Amino acid sequence: MDAQHCQRRRMLKQGAVALVSLAALPLAGLYRDAAAGASRFDLHYQDRPKDGQRCADCAAFIPPADGSGTQGACRVVAGQIDRDGWCMAFTRK
Amino acid sequence: MPIQQSLAYSPARMAGIFFLPVLLLLMMQPAHAVPSFARQTKLDCMTCHVSWPELTPTGRLFKLNGYTLGEQLRVPLAGMLQVSRTSTANVDPRQADNFPKDRELVLQQASVFVSGKLAEQLGIFSQVTYDGVAHHTSIDNLDLRYAQRFGESPQATIAGVTLHNNPMVQDIYNTGPIWGFPFASSPVAPAPNAGTVIESLGQQVAGFGAYALWHNTVYAELSAYRTADKAFSLLRAGTDHAGDAALRGLNPYWRLALQHEWGAGMHSAMLGTYGININRYPDSGMPFGAADRLRDIGFDAQYQYITDRHRFSAQLNTIRENQRWNASSFSNQSDVLKSFRSKLSYYYQKQYGINLSYFSLRGNGDDLLYNTGAPVTGSAGGSPNSNGYVVELNYLPRRDIRIALQYTGYTRFNGAASNYDGFGRNARNNNTLYLMTWLMF
């Protein structure tokens, strides 16, 4: 009985540590800077085409809502994305 | 006397291996790699994979970001089928139990994946697998992640936490035992009797960890493992618990890697190290008292060159395991086991590929540990020493179909090149030709 009790206590303790760790990320003040999508730097994004490949032809590119303009968005890369940009996740439509 | 059998396939069998799964797939929706991930990101499978399952830098970022890039799917389901045929060079009819389904067409694995983005920062890779040899269904690999990116380029840091059920299934490189080559191998051919603990705990443990990639350069992870029982039993659902490992308390794992990409991601390289310290009870039915201590330290390296036309990658991995038998009774109080594996790959047009690999297992002899006295699987010298090579040809008629022809050759098996089991069997008798069709949908 004592062994079971100890085991339950240990499990609760471990669960609590896991939950606190999850919660600690935003509490640590880091959440303010958290961003959705992958970093442009990490994906080697550039504002110009590469070897004839450009974001406008990529399956992940989301064109600007009004259909005009050069700045759209991306399902993968964070921030505004230039139609004529490129990154290493380029996938032709 | 063992009977030497031909490695030739009958035309009917060949047709079955190649065309039946292809016909099945043609009736399905086009898909890629873990196809729910591809549907989520809209990316081609070969954007995240050199050739699946080996990850490119983009694939590693997708995993580090918690499988959350892209748009959340309503139903993040995918499937996998592996159909294969194995021909072992020498099948001894007196030991038929050691060669189940040799030269038979087998449904090696059928898997259903629930894999994709679950919330803004939460994602999962999970797999339930039907084993067509054992005729059994159970949970396979699982990796649940919560990840966030902090800061903006180029100082961005990606950090996250993971809950998983297999040491190194959470790793992002293709060097270690879980995601390293060979990515699929025969489920029925004889295999060396020794293996490190880090590759033997899949679907038996619960792992909790935290990781970070700093400036796209330094990758670090700390995790801990415990027996996947009680509240964590879902992580080993359907497995044979009697054979599962029972661990004492929390067992630490660490990982450190330096990575660099250049040429707009065309080249990438990594140097890394990792380790795990496991305290395992010798009898999983009696998880108390003294436990054996198994400590692995690994060093690994990887290089990838990726273009649309040519893809080349190289991996090295070495593990040293110190085994201290505090609870088990073997010939020695402690043993050492060293594992080494190298692999080179080349793919042309993402369609035609060749993989070459050399592997070795070396360690000190321990009669009680390795000399089981069994033919085929035993070691008369009580040795874990095995080495050999793998040559694998790949053809991908579509992104989601792989046909692989793999030859595994042994120059030493369980301690010797000849008569290794004491019953006259030679290492080369276990050479294996393996033909497999692998479908993702």
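Report the longest stretch of chain B that contains none of the trypsin sites (Lys or Arg not before Pro) sitting in a DSSP loop with at most 10 other Cβ atoms within 10 Å. So the longest stretch without any such site is B:75-308. Given region A:36-93 reduced to its alpha-carbon atoms as identical point scatterers, what log10 I(q)/I(0) does the Debye formula return at q = 0.13, 0.31 Å⁻¹? The computed values of log10 I(q)/I(0) come out as -0.25, -1.44.
Counts of other chain beta carbons within 10 angstrom of each beta carbon in peptide A:86-93 average 6.
The string of couplings for region B:265-270 from the Karplus curve (6.51, -1.76, 1.60, θ = phi - 60°) is x, 5, 10, 8, 9, 8 Hz, one whole number per residue in order, with x for Gly and Pro. Annotation: lysines with alpha-carbon distance below 26 angstrom to residue B:350 (same-chain offsets under eight excluded): A:50, A:93, B:42, B:63.
Under a Cβ-Cβ cut-off of 12 Å, what is the net charge of the residues other than residue B:331 that fall near it, where Lys and Arg count +1 and Asp and Glu count -1? Please report the intermediate quantities before stating the final value.
Values: positive: none; negative: B:335, B:366, B:367.
Around residue B:331, the charge tally is -3.
With Cα atoms defining each centre, region B:194-257 and region A:44-93 are spaced 39 Å apart in the structure. In a reduced charge model with +1 at each Lys and Arg Cβ and -1 at each Asp and Glu Cβ, region B:276-323 shows a dipole moment near 140 debye about its Cα centre.
Report the Cα centroid-to-centroid distance between region B:343-395 and region B:399-441 in angstrom, as an integer. After rounding, the separation between the Cα centres reads 8 Å.
Under a 5 Å amide H cut-off, with hydrogens placed 1.01 Å from N, residue B:331 pairs with B:367, B:368, B:369 among residues at least 5 apart or on other chains. Per residue, chain B reaches -2500 deg cm²/dmol at 222 nm when only DSSP H runs of four or more residues are counted, each adding -39500 (n - 2.57). Shown is the FRET efficiency for residue B:264 and residue A:62, computed with R0 = 22 Å from the Cβ-Cβ distance and rounded to the nearest 0.05: 0.50.
Placing a pseudo-label 7 Å from each Cα along the Cα-to-Cβ vector at residue B:309 and residue A:47 gives an inter-label distance of 3.1 nm.
With a Förster radius of 22 Å applied to the beta-carbon distance between residue B:137 and residue B:101, the computed FRET efficiency rounds to 0.75. For peptide B:60-72, the mean count of partner chain Cβ atoms within 10 Å of a residue's Cβ comes to 3. For residue A:44, neighbours were defined as the other residues whose beta-carbon sits under 11 Å from its Cβ, and their charges (Lys and Arg +1, Asp and Glu -1) total 0. The lysines within cross-link reach of residue B:230, meaning a Cα-to-Cα straight distance under 21 Å and a gap of 8 or more places when in the same chain, are A:13.
Could you work out the local net charge near residue A:71, counting Lys and Arg as +1, Asp and Glu as -1, over the other residues with Cβ closer than 13 Å to its Cβ?
Taking every other residue near residue A:71 into account, the sum is -3.
Partner shielding of A:41-53 amounts to 4, given as the average count of beta-carbon atoms from other chains within 10 Å of each residue beta-carbon.
For chain B, averaging the sequence separation of C-alpha pairs within contact (under 8 Å, six or more residues apart) and dividing by the residue count gives a relative contact order of 14 percent.
Here chain B is treated as an ellipsoid with the same Cα gyration tensor; its semi-axes, largest first and in whole Å, are 33, 28, 21. By other beta-carbon atoms within 10 Å, ranking B:357, B:379, B:334, B:223 with the fewest at the front produces B:334, B:357, B:223, B:379.
Listed values for region B:411-427 are Karplus-derived 3J(HN,Hα) couplings in whole Hz (6.51 cos²θ - 1.76 cosθ + 1.60, θ = phi - 60°), namely 9, 8, 9, 6, x, 7, 7, 10, 6, 6, 9, x, 10, x, 8, 9, 4, and x replaces Gly and Pro. The HN-Hα couplings worked out from phi for region B:194-211 by the Karplus form 6.51 cos²θ - 1.76 cosθ + 1.60 (θ = phi - 60°) are 9, x, 6, 5, 5, 9, 10, 10, x, 6, 10, 10, 10, x, 10, x, 10, 9 Hz, whole numbers, x standing for Gly and Pro. Only aspartates and glutamates eight or more places from residue B:338 in sequence, or on another chain, were considered; those with a Cα closer than 20 Å are B:199, B:292, B:296, B:300, B:321, B:366, B:367. Normalised by 2.2 N^0.38 Å, with N the number of residues, the alpha-carbon radius of gyration of the protein assembly as shown equals 1.00.
Only the coordinates and a few stated rules stand behind these numbers; no lab work does. Keep in mind it's a predicted model, so treat the numbers as computed, not measured. Note that we place each Cβ from the backbone using ideal geometry, even for glycine, and neighbour counts take in every protein chain shown.
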